[in-house]
1. Relative to the Cα centre, what is the charge dipole magnitude of the chain, using +1 at the beta carbon of each Lys and Arg, -1 at the beta carbon of each Asp and Glu, and rounding to the nearest 20 debye?
2. How much length, in nm to one decimal, is gained on full extension between VAL300 and TYR315, taken as 0.36 nm per residue of separation minus their Cα-Cα distance?
3. Counting other Cβ atoms within 10 Å of each Cβ, which GluC sites (Glu not before Pro) in segment 75-118 have at most 10 and sit in a DSSP loop?
4. With the crude spin-label approximation of a point 7 Å out along Cα→Cβ, what separation in nm comes out for LYS249 versus PHE501?
5. About its Cα centre, how strong a charge dipole does segment 392-565 have in debye, to the nearest 20, once Lys and Arg get +1 and Asp and Glu get -1 at the Cβ?
6. Starting from 0 in steps of 10 Å, tell me what percent of the Cα-Cα pairs of segment 286-442 lands in each bin.
7. For LYS104 and ASP431, compute 0.36 nm times the residue count separating them, minus their Cα-Cα distance, and round to one decimal in nm.
8. Calculate, in nm to one decimal, what HIS214 and LEU324 gain on full extension: separation in residues at 0.36 nm each, minus their alpha carbon distance.
Amino acid sequence: MPTVSVARDRLFAALGRSYTQEEFEELCFNFGIELDDVTTEKAIILKERHLEDDNSSLDDEVIYKIEVPANRYDLLCLEGLAQALCIFNGHEKIPRYTVANISKESMLKMQVKKETSLIRPFVVCAVLRGIAFDEARYNSFIDLQDKLHQNICRKRTLVAIGTHDLDTLQGPFTYEALPPPEINFVPLKQVKHFRADELMEFYKSDLKLKKFLHIIEKSKVFPVIYDRNRTVLSLPPIINGAHSAITLKTKNVFIECTATDLTKAKIVLNTMVTTFSAYCERKFEVEPVEVISFDGNSSVYPDLSEYNMEVPLSYITGSIGVPLEVDEVTSLLNRMQVHAEQAGLGGNNINVSVPPTRSDILHPCDVMEDVAIAYGYNNIPKRKLSSLKPLPLNQLSDLIRYEIAMNGFAEVLTWILCSKKENFEMLNRKDDKTTAVVIGNPRSSDFEIFEVGDVVLLDEKKDVGASNRRLLAALYCGANSGFELIHSLVDKIMEVMGTPFVPVGNSAGYYIELSDEPEFLSGRQAKIIYKGRRIGIFGIVHPEVLNNFDIPDPCTFLELDIENFL
């Protein structure tokens with residue numbers, strides 16, 4: 001989980017009181033975060049420079065390193081932490097964030113060119129008017145961008161944030177994608193002009209920026225944002241222009257987030273503007289920007305509307321295991337920065353309004369978790385489970401594991417996740433887009449989704465759009481194919497399950513039929529039919545598939561859905 005470093009005294013000032021270390025650790029625990037370390041600014045700098053204590057004049061300010069949940073982006077800076085803890089302690093009310101009421105004609109505009117779809121298709125923008133920076137606020141503003149870049153932005157691959165002094169620019173703005181030699185500007189912290197292709201070489205020796213170059217350097221076009229005078233605001237996701245750099249004197253901040261993932265871009269923009277709108281002249285108010293697509297469609301950002309859901313009281317109390325009244329639950333949710341009230345007169349449901357700061361709340365289970373945190377996990381009474389008997393599916397799985405092991409097979413545990421290429425292309429299969437579940441934002445292209453044991457399949461009947469099925473997979477590999485050994489294993493499993501072999505078409509037991517799947521040799525494969533339903537397949541693996549996996553010997557493979565036996 002991410003760790004946020006904050007100055008202790010500044011945090012305590014924002015909280016309105018001082019704490020002993022033990023008191024603050026208890027507050028953190030009650031809120032669901034953790035005080036991970038206590039150090040000083042001097043110790044951090046000396047460690048970074050690999051130096052011993054040199055008795056220099058470095059600042060001895062106490063720094064708290066606080067571990068926060070990975071999906072609580074609103075807690076990634078002092079401002080967000082302080083606000084959340086003040087509301088939790090009952091010292092502040094939940095803010096209501098608003099978008100400035102201005103006409104579309106008066107809004108700043110961002111025109112998106114068609115070529116951006118080739119590399120980084122989305123951009124969202126907003127303005128913080130009348131912001132008041134001091135050194136601490138400015139540093140926190142920059143640090144939040146860095147934290148977001150490392151977290152939800154996935155090191156700028158999904159989203160890159162650009163912040164600019166609006167008073168140095170003139171709208172409207174354009175978001176374009178141009179060949180690198182055509183882009184020329186003075187980058188941040190530099191004094192001379194560079195072409196974009198020259199910058200790629202220049203930053204290869206920069207310890208901070210070189211790790212982002214791969215995102216765009218092989219593209220024929222680079223994304224770039226211009227103002228009306230063709231002044232470069234930024235070359236996302238690499239560097240901003242020096243012309244519009246923000247300073248302590250900046251009063252109006254223009255924020256742009258370019259992205260490959262529009263949903264995450266909206267979350268990042270909302271996090272930036274809600275956190276620092278507290279320092280604006282009109283507190284918690286954000287000026288919108290109209291983004292106009294190349295096809296003429298337009299959208300206004302940021303979207304600070306609240307997400308509403310109705311949650312049954314019985315679901316919350318039943319999941320936590322504590323009897324609570326509606327007013328108790330609503331009070332606990334308000335402490336967690338979630339607006340809540342009773343649904344209807346005398347109703348047992350709760351209307352929840354999720355503010356734009358709480359993008360982590362997606363489902364009633366998230367609401368229930370917040371209630372449990374505010375109530376206090378240590379206050380939930382301990383109780384013995386009504387039964388320790390294993391689930392029938394797990395009992396069946398253990399029985400089948402035992403029988404297969406008795407037949408001379410060795411059990412293995414493979415990767416939980418494997419790539420789409422391994423699931424389809426290397427098996428000679430085509431993805432029909434109706435069965436396999438794909439992770440929306442995999443950590444790398446080598447892992448998407450597939451579970452050995454539990455296989456995840458698309459399922460429109462489920463609220464999450466997918467369901468798990470428990471499957472058995474068995475493989476024989478040797479000097480010969482071993483088809484007869486796998487066939488006998490099928491018969492043994494069916495015998496253990498008390499299922500007789502019956503003639504084709506008889507639903508009183510199981511039988512096999514010729515199948516035609518591309519991962520197996522034609523004429524050397526069969527599907528298993530049980531009570532009129534196909535529950536599995538086995539066959540000699542096709543030589544092309546073996547070659548794809550660098551397997552030199554012939555193999556026979558079995559896949560069987562064991563949930564059908566329950």
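Laboratory data are not the source of any read-out in this text; all were calculated from the coordinates shown. Treat the numbers as computed from the prediction; the structure is a model and nothing was measured. Cβ coordinates were reconstructed from backbone atoms using ideal geometry, including for glycine residues, and neighbour counts include every protein chain displayed.
1. The calculated dipole for the chain is roughly 1060 debye.
2. Length difference between fully extended and current span is 1.8 nm.
3. Of the GluC sites (Glu not before Pro), not one in the loops of segment 75-118 has a Cβ with at most 10 other Cβ atoms within 10 Å.
4. My value for the distance between the label points is 9.0 nm.
5. So the magnitude is around 360 debye.
6. Here the calculated profile for segment 286-442 is 8, 20, 18, 24, 19, 9, 2, 0.
7. So the extension gain works out to 113.3 nm.
8. This chain segment gains 34.3 nm when fully extended.
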